[in-house]
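Student: The structure that follows is given in the form of structure tokens.
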């Protein structure tokens, strides 16, 4: 019984360490982080979707959507993309879609050296009054 308890405790410690190591370096807003959890919603948009590029019939989501942090300053929305605050173009904002979890969601390209971010869709966070 003692060996079973020690083995179980060691197994839990190893699992925790693996989880910490694999999560290290990933942050909300980084390309791909959180996409899998919300992929179905991006594709179907059960409350207002599917997410389509504004003024288009093309879906926003091709593994480029993810939850992110957002802020509203001086009348403009900013999204935290790959660890930098980026001004969200007005044309990317989905006005009539409510976030499924209250967070902002961005569909945008990965940050590549020397290339600007391409914005497809932005769902505003829920603002509690």
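The values are calculated or read from the model by the stated rules, or taken from the named source; none is laboratory data. Just so it is clear, the model here is predicted, and its values are computed rather than measured. Methodologically, a virtual Cβ is constructed for each residue, glycine included, from the backbone with ideal geometry; neighbour enumeration extends over all protein chains shown.
Student: Looking only at the stretch 104-126, filter to residues that are free of Cβ contacts under 8 Å to residues at least 40 places away in the same chain and in a loop (DSSP other than H, G, I, E, B); which one of those is nearest to residue 41 (Cα to Cα)?
Tutor: Across the stretch 104-126, the extreme among qualifying residues is 126.
Student: Output the residues belonging to the stretch 58-92 that are farther than 13 Å from residue 119 by Cβ and part of a loop (DSSP other than H, G, I, E, B).
Tutor: 58, 61, 62, 63, 69, 74, 75, 83 - these are the residues of the stretch 58-92 that are farther than 13 Å from residue 119 by Cβ and part of a loop (DSSP other than H, G, I, E, B).
Student: Something else: For the structure I just gave you, tell me whether residue 108 is touching a helix residue (DSSP H, G or I) at 6+ places or on another chain (Cβ under 9 Å) and surrounded by 14 or more Cβ atoms within 10 Å (Cβ to Cβ).
Tutor: Values: touching a helix residue (DSSP H, G or I) at 6+ places or on another chain (Cβ under 9 Å): yes; surrounded by 14 or more Cβ atoms within 10 Å (Cβ to Cβ): yes.
Yes.
Student: Within the group 45, 32, 49, which residue is touching a strand residue (DSSP E or B) at 6+ places or on another chain (Cβ under 8 Å), modelled with pLDDT under 75 and closer than 23 Å to residue 125 by Cβ?
Tutor: Numbers: 45 fails: touching a strand residue (DSSP E or B) at 6+ places or on another chain (Cβ under 8 Å); 49 fails: touching a strand residue (DSSP E or B) at 6+ places or on another chain (Cβ under 8 Å).
Within the list 45, 32, 49, the selection yields 32.
Student: Residues that are in a strand (DSSP E or B), modelled with pLDDT of 90 or more and touching a helix residue (DSSP H, G or I) at 6+ places or on another chain (Cβ under 9 Å): does the stretch 93-101 have at least one? Step through it out loud before you land on a result.
Tutor: Pass one, the stretch 93-101, residues in a strand (DSSP E or B): 93.
Narrowing further to those that are modelled with pLDDT of 90 or more: 93.
Then drop every residue that is not touching a helix residue (DSSP H, G or I) at 6+ places or on another chain (Cβ under 9 Å), which leaves none.
Scanning the stretch 93-101, I find no residue that is in a strand (DSSP E or B), modelled with pLDDT of 90 or more and touching a helix residue (DSSP H, G or I) at 6+ places or on another chain (Cβ under 9 Å), so the answer is no.
Student: Kindly list the number of the only condition in (1) surrounded by 12 or more Cβ atoms within 10 Å (Cβ to Cβ); (2) at pLDDT 85 or above that fails for residue 75.
Tutor: In the conditions (1) surrounded by 12 or more Cβ atoms within 10 Å (Cβ to Cβ); (2) at pLDDT 85 or above, residue 75 misses (1) alone.
Student: If you don't mind, another one. Here is a check on your reading of the model: is residue 19 at negative phi, at pLDDT 75 or above and exposed (fewer than 14 other Cβ atoms within 10 Å of the Cβ)? Steps first, answer last, please.
Tutor: Values: at negative phi: yes; at pLDDT 75 or above: no; exposed (fewer than 14 other Cβ atoms within 10 Å of the Cβ): yes.
Answer is no for this residue.
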